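Trainee: Questions regarding the structure given below will be posed in turn.
The values are calculated or read from the model by the stated rules, or taken from the named source; none is laboratory data. Because the structure is predicted, anything quoted here is derived from the model rather than measured. When we count neighbours, we look across all protein chains shown, and the Cβ atoms used for this are built from the backbone with ideal geometry, even at glycine. These accessible areas exclude ligands, DNA and RNA; they are computed on the full protein's heavy atoms, side chains included. Shrake-Rupley method; radii C 1.70, N 1.55, O 1.52, S 1.80 Å.
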Amino acid sequence: MKRKRTKGLSFERARAFPIERALAKLGHFPTRSTGKEAWFLSPFRPEAKASFKVSKKLNRWYDHGAGKGGNVIDLVCLISKSSVKKALELIAGDRSSFSFQQQPIFQKVENETKIEIIAVKELIHPALKGYLKSRNIEPGTALGYCREVHYRFKDKSYFAIGLKNDSGGWELRNKYVKNPSSPKDITHIKNGNRKLIVTEGMFDLLSILENSEKLESEYDLLVLNSTAFVQRAMKIIDGYTGIDLYLYNDENGRKTTQKLIGHPQDCNDRSSLYKGFKDINERLMGSTEDLNGQGIQDVFLLPQKRSCLAPDARKVKRK
C-alpha cells in the first residue's frame, strides 16, 4: 500500500509536506519561531546567527546567507544531494526519514533526536572561551550567567555555552551550533530591582553586561530566547517601573518591540543605539573602537568598562 502511494505521489502533495517537519526529521530545529515564520541555522553551511527562514503560510524557505530558496522538494534535493525523483521517494517512502502519517510516527522521531544533557560545569573549555572572544565577550563576563554544557544528539557528543531557562532547558551556543534543549522558555534573572532589561538572546545580554560594570545592582534581566514568548514577557514586565528593550533590528524584532511598547508599563526601545546593526552584539563586534572610546556612554546603560576579570579570562592575541 505504502509503496504504491510513493510511486503515485504527485508534486502537489509533496510540496504540501511541511518544511519544518522535513527539517526536524533531518535534525534541524528552529532558533526562534512565530505563528507565521521560523528561523533556522542554515543546513547548508556553518553560521552563528540564523539566516534560514521558513514561511509557514507559504510553506517556502529562503536562505538569506546563500541568496536562494524554494519549496520542500528543492530543500530535500539540496540537503540529501539527490534528484527530484529521489526526493519524492524520500518524502513519501516508508523507509525514509519522512512520513505522511501524523503524530505517532513523528513523535517517535522527535524523541530519537532529542538533545540529552550529560553534564553541566563551569565554563572552562578553551574553544568556548575562544568563541566568546570572537564575539568580543570576555569569558569573565559570561561566568556568572552561563555554563559549559555537554550533551548528546543523535548518538554523538557535543559541548556548548549554555544559558539555563526558567523551565530547566538550555540555550546552547558554540561556533557551529545554535540549539535549544527542551523545554524551551524565557530566562528571567532576578536581582531584586525595579527596572528590567529585555533582550532577545544570550549574546545580546552578554554584550550589555560586557560594558556595564554595575548593571546587576540596578536592573533585573529577561532573555526571551524566542519572540514567541512575548505574551509571557508582558506578564513579567507588569512588576517593573522601567523596562529597556534591546531586541533585534529586523522585522520580527520590531514587531515584538511594538507589542511590548503598547503595554501599559513604561517600555523604552533602545534599538536605535545599534542602528545599522542587527543586534547589540553585532554592534559590539562591528565597532569595537567606538565602544572602547567616549561613545560607549551613549550605547550602553552604564559607562564603566569592566577592568577586573576572572583569573582565567586572559586576553589573547588575535592572529
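Trainee: Looking only at the stretch 52-82, which residues are small (Gly, Ala, Ser) and open to solvent by 20 Å² or more (accessible area, probe 1.4 Å)?
Mentor: Ser55, Gly65, Ala66, Gly67, Gly69, Ser80, Ser82, listed by residue number.
Trainee: Within the stretch 185-195, take every residue that is more than 18 Å from Thr141 (Cα to Cα) and open to solvent by less than 60 Å² (accessible area, probe 1.4 Å) and give me the one that is modelled with the lowest pLDDT.
Mentor: Looking at the filtered set, the residue picked out is Asp185.
Residues are listed down the side, and each one gets a yes or a no for (1) surrounded by fewer than 23 Cβ atoms within 10 Å (Cβ to Cβ); (2) of a type in the set (Gly, Ala, Ser); (3) out of contact with any Lys or Arg (no Cβ under 8 Å at 6 or more places or on another chain); (4) not in a strand (DSSP E or B):
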site: Ala160; (1), (2), (3), (4): no, yes, no, no
site: Tyr176; (1), (2), (3), (4): yes, no, yes, yes
site: Ile197; (1), (2), (3), (4): no, no, yes, no
site: Ser207; (1), (2), (3), (4): no, yes, no, yes
site: Glu213; (1), (2), (3), (4): yes, no, no, yes
site: Leu221; (1), (2), (3), (4): yes, no, yes, no
site: Val230; (1), (2), (3), (4): yes, no, no, yes
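Trainee: Moving to a separate point now. Of all residues in the stretch 104-128, which are open to solvent by 30 Å² or more (accessible area, probe 1.4 Å), assigned to a helix (DSSP H, G or I) and modelled with pLDDT of 90 or more?
Mentor: Across the stretch 104-128, the qualifying residues are Pro126, Ala127.
Trainee: A further question on this structure: Looking only at the stretch 232-248, which residues are open to solvent by 40 Å² or more (accessible area, probe 1.4 Å) and either under 21 Å from the mean Cα position of the chain (by Cα) or of a type in the set (Phe, Trp, Tyr) (or both)?
Mentor: Arg232
Trainee: Considering each of Ser167, Ser99, Ser82 in turn, give the residue that is modelled with pLDDT of 90 or more and either part of a loop (DSSP other than H, G, I, E, B) or of a type in the set (Lys, Arg) (or both).
Mentor: From the options Ser167, Ser99, Ser82, the qualifying one is Ser167.
Trainee: Give me the strands (runs of 3 or more DSSP E) completely within the stretch 11-66, filtered to those with at least 2 residues that are over 22 Å from Leu224 (Cβ atoms) and touching a residue at least 24 places away in the same chain (Cβ under 8 Å), ordered by residue number.
Mentor: Output list reads 60-63.
Trainee: Could you list all residues from the stretch 8-50 that are polar (S, T, N, Q), more than 17 Å from Ala87 (Cβ to Cβ) and surrounded by fewer than 17 Cβ atoms within 10 Å (Cβ to Cβ)?
Mentor: Correct list: Thr34, Ser42.
Trainee: Taking the condition of being open to solvent by less than 30 Å² (accessible area, probe 1.4 Å) and either among the charged types (D, E, K, R) or on the phi > 0 side of the Ramachandran plot (or both), how many residues in the stretch 164-174 meet it?
Mentor: Qualifying residue count for the region: 2.
Trainee: Please enumerate the residues belonging to the stretch 140-149 that are open to solvent by less than 50 Å² (accessible area, probe 1.4 Å) and either among the basic types (Lys, Arg) or in contact with a Gly (Cβ under 9 Å, 6 or more places away or on another chain) (or both).
Mentor: Of the residues in the stretch 140-149, the ones open to solvent by less than 50 Å² (accessible area, probe 1.4 Å) are 140-143, 145-146, 148-149.
Selection gives Cys146, Glu148, Val149.
Trainee: Looking at this structure, is Asn281 open to solvent by less than 20 Å² (accessible area, probe 1.4 Å) and either modelled with pLDDT of 55 or more or assigned to a loop (DSSP other than H, G, I, E, B) (or both)?
Mentor: Values: open to solvent by less than 20 Å² (accessible area, probe 1.4 Å): yes; either modelled with pLDDT of 55 or more or assigned to a loop (DSSP other than H, G, I, E, B) (or both): yes.
It is true that Asn281 is open to solvent by less than 20 Å² (accessible area, probe 1.4 Å) and either modelled with pLDDT of 55 or more or assigned to a loop (DSSP other than H, G, I, E, B) (or both).
Trainee: Collect the residues in the stretch 43-63 that are farther than 21 Å from Leu132 by Cα and either touching a Phe, Trp or Tyr at 6+ places or on another chain (Cβ under 6 Å) or among the β-branched types (Val, Ile, Thr) (or both), keeping them in residue-number order.
Mentor: Within the stretch 43-63, the first condition is being farther than 21 Å from Leu132 by Cα, and the residues that meet it are 43-44, 52-63.
Those that are farther than 21 Å from Leu132 by Cα and either touching a Phe, Trp or Tyr at 6+ places or on another chain (Cβ under 6 Å) or among the β-branched types (Val, Ile, Thr) (or both): Phe52, Lys53, Val54, Asp63.
Trainee: Conditions: (1) out of contact with any Gly (no Cβ under 9 Å at 6 or more places or on another chain); (2) more than 19 Å from Met285 (Cβ to Cβ); (3) not aliphatic (A, V, I, L, M). Lys129 meets all but one. Number of the miss?
Mentor: (2)
Trainee: Among the listed residues Val54, Val76, which satisfies the condition of being farther than 30 Å from Glu200 by Cβ and modelled with pLDDT of 85 or more? Step through it out loud before you land on a result.
Mentor: Values: Val54 fails: farther than 30 Å from Glu200 by Cβ.
From the options Val54, Val76, the qualifying one is Val76.
Trainee: Another question, if that's okay. Report yes if Ala310 is modelled with pLDDT under 50 and open to solvent by 20 Å² or more (accessible area, probe 1.4 Å), otherwise no. Lay out the reasoning, then the answer.
Mentor: Working: modelled with pLDDT under 50: yes; open to solvent by 20 Å² or more (accessible area, probe 1.4 Å): yes.
Yes.
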